[in-house]
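Report on the following structure.
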Amino acid sequence: MAKGDKGEKDKTAQPPKGEKEVRIYSLATTVNECIIFLEEMGGSRLLPIWIGITEGQAIAIRFSGIVLPRPLTHDLLLAAIKQLGWEVVKVVVSDIKENTFYARIIASDGKKTAVLDSRPSDAIAIAVRAGCPIMVDESVFARCQTLNKPISEEEVGKFKEDLKNLKPEDIFKDLKKETEGGEPKPTKDEKKKEEQ
């Protein structure tokens, strides 16, 4: 029986082993950008993603309780998906390449599944409106620097202070690039260890 045929439950709602469910932990705003922190459910990692001010506002509006008289772009897209008889099942922050995050929006009509390429900020803005799970591929956690959730009041205070000075280059590890032979190039840290 093919995936999506009647009689077989849609498997898109269940996370593969390589995906971790997250939720929005915090949204920090600077003068010209926002940082959204995604909290690993059942874990201690926080994944920071830099997004634009407009995209940050689109996410924040959903939590603020503000009711707008006209739909914003993300509201319109979700309404169109629903009007066509589909639903957003989940969104996945699926990859990171050259310090740029990639995401997918997974939609289903009960019979078929569609995968839409998306920026993470747009995918998350859709997810908070649809009330669907937000997932992060485990490879994304592995390839960029994550933060640990603060536990005590002292850790929370230090975390907030550290956020004020946080820059994108503080988060991204040296991403390993494949060579022509298929072997990963050593990172700067690995080269230093080899030289010692």
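The values are calculated or read from the model by the stated rules, or taken from the named source; none is laboratory data. Everything numeric in this text was worked out from a predicted model, so none of it was measured. Neighbour counts are summed over all protein chains in view; Cβ atoms, including those assigned to glycine, are modelled from backbone coordinates with ideal geometry.
If you go through region 93-142 and keep only what is without any contact (Cβ under 8 Å) to a residue 60 or more places away in the chain, part of a helix (DSSP H, G or I), over 18 Å from residue 35 (Cβ atoms) and under 14 Å from the mean Cα position of the chain (by Cα), you end up with 126, 142. Cβ-Cβ distances below 7 Å connect the following pairs, each with a first residue in region 78-90 that is closer than 25 Å to residue 21 by Cβ and touching a residue at least 40 places away in the same chain (Cβ under 8 Å), a second residue that is surrounded by fewer than 13 Cβ atoms within 10 Å (Cβ to Cβ) and not polar (S, T, N, Q), and a separation of six or more residues or different chains: 89/13; 90/13. Being surrounded by fewer than 19 Cβ atoms within 10 Å (Cβ to Cβ) and touching a Leu at 6+ places or on another chain (Cβ under 6 Å) holds for only one residue in 28, 114, and it is 28.
Scanning region 120-173 for residues that are hydroxyl-bearing (Ser, Thr, Tyr) and at pLDDT 90 or above, which turns out surrounded by the most Cβ atoms within 10 Å (Cβ to Cβ)? So the residue we want is 121. Please verify whether residue 61 is modelled with pLDDT of 95 or more and either surrounded by 17 or more Cβ atoms within 10 Å (Cβ to Cβ) or not in a loop (DSSP other than H, G, I, E, B) (or both), treating the condition exactly as stated. Taking the combined requirement at face value, the residue does not satisfy it.
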